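Participant: The structure that follows is given in the form of structure tokens.
The values are calculated or read from the model by the stated rules, or taken from the named source; none is laboratory data. Quick caveat: nothing in here was measured; it's all calculated off a predicted structure. Here the Cβ is made from the backbone with ideal geometry for all residues, glycine too, and neighbour counts use every protein chain on show. Protein only, heavy atoms only, side chains kept; ligands, DNA and RNA dropped before computing areas. Shrake-Rupley method; radii C 1.70, N 1.55, O 1.52, S 1.80 Å.
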Amino acid sequence: MQRRTFLAVTLMSTMGGPARAATRGGTLVYGRQTDCIYLDPVNTAQNADIWVSLNLYDTLTQPTDDGKSVVPGLASSWEVSPDGKTMTFRLQPNLKFADGSPLTADDVKWSLERAADKATGGQFQFLLASIAGVDAPGDGTVVLRLSHPDPTMLQALATFNAGIVPSKLIMAEPGATLDDKSKSFAQHPVGSGPFTLKSWNRNSEMVMTRNPHYWKQGADGQPLPYLDAIRYVIIPDDATRILKLKAGEIDAAEFIPYSRVTELKADPRLNMVLFSAAQVHYFTINNRPTLKDGTKNPFSDALVRQALNYATDKQALIQVVTYGIGTPEQSFMPMSTPLSYGTGPLYPYDLNKAKALLAQSDWAHGFEITLYTIAGNVDDVAKATALQQMWAPLGVRLKVEQMESATRIAHYNSADFQMLTSLWTNDINDPNEITSLFCYYPTIQNRHSGWDDPVLDKLFLDSQQELDPVKRAAQYREIQERYFARAPIIFGYEVPYPVAMAKKVKDFVQIPLGNNLFASTYLSS
């Protein structure tokens, strides 16, 4: 294998085209649906945390704005050995953390070894599991030793859990164990990203201010970031977020209901943007034989799962919820994911087939299911109402309970639920992440559904070692076909990210992998 060398490049403005002078200063007020929970990279799990993490932490490589590739980050260049098992990185010069302390190769070594260790790497450790060890020989050099060649490693090093942290600062935190120290650090984290956390009033607001030691310059030659601060205001109710945006109380708002997109596009004061997304919306269902209260679970029967999938009119859901913006799922993974496979919408609407399948099960006379939704989420209400009507002809009574996000996550993590509205966004442009979570039981109990298929477990492990792209594609096709047939989720649709902003907000980017990138954002005068 020929040695591969990648040299540093100058990043262009996120909007492309010739460089233009950006206005410096000001505070951007951003309306968020959900607050963060945990801001230590390796223990981050929910999207609300993940999507802001690259504003606090830097990684060796960074995702491009289209999410399909990587560019230099903390590493200015890298080389891969002929056998693919050694990766040598050269760090940018004079790197510092936001507190002014130097960022060294030893910090990189400590951070990546912690993230790659199953005991300390959190839920997403598997992305870096091929790292057998990290060396810091000096002179700004970091060497990764891999247990096997890993074609996804450069992408994995750009994900949130590969964020570099100050090892001495974490180890100085109070606590008897590394987990204790991590929890303490997560309350007032320090990274080398464009912003640093100034204050955090839980479930109310979070303020990040400019990192004066940030290493990167914009396309206009000015040091980044341009903003003085970002003030995240937590507004769970969709209608309230939009009202505050229209009133000028906030400058931008995420998760705009698709029912309001046309209205906001027509508002001359706003910029309503649908960012391309590697995102799917679906329904998580508990596949375990019994529920927490000991009752028998209808979703443990594949016939029931298949029946309800056929009884779910995906095109009607898309029209009701997204006003025609979405497209039906063809796989459990977004179709933009490499090696995704699909020949058309999964489980196209067929009520007669749904009735026939249910009649073959032990639940032919119907049952009641409780669906947990997010309080104040307009799209969740639309989904639930539509499903109630679609499933009623089968004798399936859908009971809806709204709850705030943290409570719902607690139910989800403890397997104390029957059904949840869910979404997934790729964090890496490779199928291994989503497949590990959705199909490989040991990672996170098949995305918390409790569904287990030993055949899929082996297929996934084999795919992780397969370097032949044709053979790997065949493995992933088999994985997806087997998953489709057993229907461990209620399949839904793919949609873009809807973000509305005041016209003065310039160069904000939400990449297909979900990350909110504010480094080049500015407020026009």
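Participant: Which of the aspartates and glutamates could a cross-linker bridge to Lys292, judged by Cα under 14 Å and excluding same-chain residues fewer than eight apart?
Facilitator: Straight-line reach from Lys292, under 14 Å: Asp416.
Participant: Ser524 to Met403: extension gain in nm, 0.36 nm per residue of separation minus the Cα-Cα distance?
Facilitator: 39.7 nm
Participant: Expressed as a whole percentage, what fraction of the accessible surface of the range 103-164 belongs to carbon and sulfur atoms when a 1.4 Å probe is rolled over the protein heavy atoms? Walk me through the numbers before you get to the answer.
Facilitator: Working: 1000 of 2010 Å².
Using a 1.4 Å probe with all protein chains present, the range 103-164 comes out at 50 percent carbon and sulfur.
Participant: Could you give each residue of the range 38-53 its phi-based ³J(HN,Hα) in whole Hz, using Karplus coefficients 6.51, -1.76, 1.60 with θ = phi - 60°, and x for Gly or Pro?
Facilitator: Each residue of the range 38-53 in turn: 8, 10, 9, x, 6, 9, 6, 9, 8, 4, 4, 7, 4, 6, 9, 4 Hz.
Participant: Right, next: Going toward the positive end of the dipole of the range 152-296, with +1 on Lys and Arg Cβ and -1 on Asp and Glu Cβ, which of Ala253, Thr196, Pro166 do you reach last?
Facilitator: Pro166
Participant: Calculate, for the chain, the solvent-accessible area per residue in square angstrom, rolling a 1.4 angstrom probe over the heavy atoms of the protein chains.
Facilitator: 39
Participant: With each label point set 7 Å from Cα along the Cα-Cβ vector, what nm distance links Asp99 and Ala316?
Facilitator: In this crude label model, Asp99 to Ala316 measures out at 5.7 nm.
Participant: Using a 1.4 angstrom probe on the protein heavy atoms only, line up Lys506, Lys399, Lys181 by accessible area, largest first.
Facilitator: Final ranking, largest accessible area leading: Lys399, Lys506, Lys181.
Participant: I've got another one for you. What spacing in nm lies between the two simple spin-label points modelled at Asp228 and Leu423, each 7 Å away from Cα in the Cβ direction?
Facilitator: Modelled inter-label distance: 3.2 nm.
Participant: With charges only on Cβ, +1 for K and R and -1 for D and E, what is the dipole size of the chain about its Cα centre, in debye, rounded to 20?
Facilitator: Details: 48 positive and 54 negative charges, 148 e Å.
It works out to roughly 720 debye.
Participant: Also, I was wondering about something else. Applying the Karplus parametrisation 6.51 cos²θ - 1.76 cosθ + 1.60 with θ = phi - 60° to the phi angles of the range 221-237, what ³J(HN,Hα) value in whole Hz is obtained for each residue in order, glycine and proline being reported as x?
Facilitator: Those phi angles translate into x, 7, x, 8, x, 7, 6, 6, 7, 10, 10, 7, 10, 8, 10, x, 7 Hz.
Participant: Consider a paramagnetic label point 7 Å from the Cα of Asp117 along Cα→Cβ; state which residues of the range 160-180 have an amide N under 18 Å from it.
Facilitator: Zone members listed by number: 161-180.
Participant: Moving on. Enumerate the calculated ³J(HN,Hα) couplings along the range 56-72 in order (Karplus 6.51 cos²θ - 1.76 cosθ + 1.60, θ = phi - 60°), each rounded to whole Hz, writing x wherever the residue is Gly or Pro.
Facilitator: Per residue, the Karplus-derived 3J(HN,Hα) values read 9, 10, 9, 10, 4, 10, 10, x, 6, 5, 8, x, 9, 8, 10, 10, x Hz.
Participant: Calculated from DSSP H runs of 4 or more alone, at -39500 (n - 2.57) each and per residue, what is the 222 nm mean residue ellipticity of the chain, nearest 500?
Facilitator: Helices in the chain give a 222 nm mean residue ellipticity of -8000 deg cm²/dmol.
Participant: Calculate how many DSSP beta bridges within the chain are antiparallel, expressed in % of all such bridges and rounded to the nearest 5.
Facilitator: Rounded to the nearest five, the antiparallel share is 75 percent.
Participant: Where does each of 459-469, 183-193, 86-96 land if you order them by average Cβ count within 10 Å, highest first? Intermediate values should be presented prior to the final figure.
Facilitator: On the way: 459-469: 15.3, 183-193: 20.5, 86-96: 17.7.
Top to bottom by mean Cβ count within 10 Å: 183-193, 86-96, 459-469.
Participant: I would also like to ask the following. Please sort 386-395, 305-314 by packing, taking for each peptide the average over its residues of neighbouring beta carbons within 10 angstrom, highest first. Could the numbers behind the result be given before it?
Facilitator: Working: 386-395: 17.2, 305-314: 23.1.
Ranked from most to least packed, the peptides come out as 305-314, 386-395.
Participant: Based on the Cβ-Cβ distance of Ala415 and Gln465, what FRET efficiency does E = 1/(1 + (r/R0)^6) give at R0 = 35 Å, to the nearest 0.05?
Facilitator: Plugging the Cβ-Cβ distance into 1/(1 + (r/R0)^6) gives 0.70.
Participant: Of Lys216/Lys246; Lys109/Lys168; Lys118/Lys458; Lys296/Lys353; Lys109/Lys181; Lys118/Lys181, which pairs sit farther than 22 Å apart, going by alpha carbon to alpha carbon?
Facilitator: Lys216/Lys246; Lys296/Lys353, as the Cα separations exceed 22 Å there.
Participant: Set the Förster distance to 60 Å, then compute FRET efficiency between Asp457 and Ala21 from the Cβ-Cβ distance, nearest 0.05.
Facilitator: Working: r = 55 Å, r/R0 = 0.91.
Once rounded, the FRET efficiency stands at 0.65.
Participant: Could you list which residues have their amide H under 5 Å from that of Asn271, counting only those 5 or more apart in sequence or on another chain, with H placed in the peptide plane?
Facilitator: Result for Asn271 returns Met501, Ala502, Lys503.
Participant: For Lys296 and Thr385, what is the calculated FRET efficiency with R₀ set at 35 Å and r taken between the beta-carbons, to the nearest 0.05? Display every interim value, and only then the final one.
Facilitator: Numbers: r = 27 Å, r/R0 = 0.78.
With a Förster radius of 35 Å, E is 0.80.
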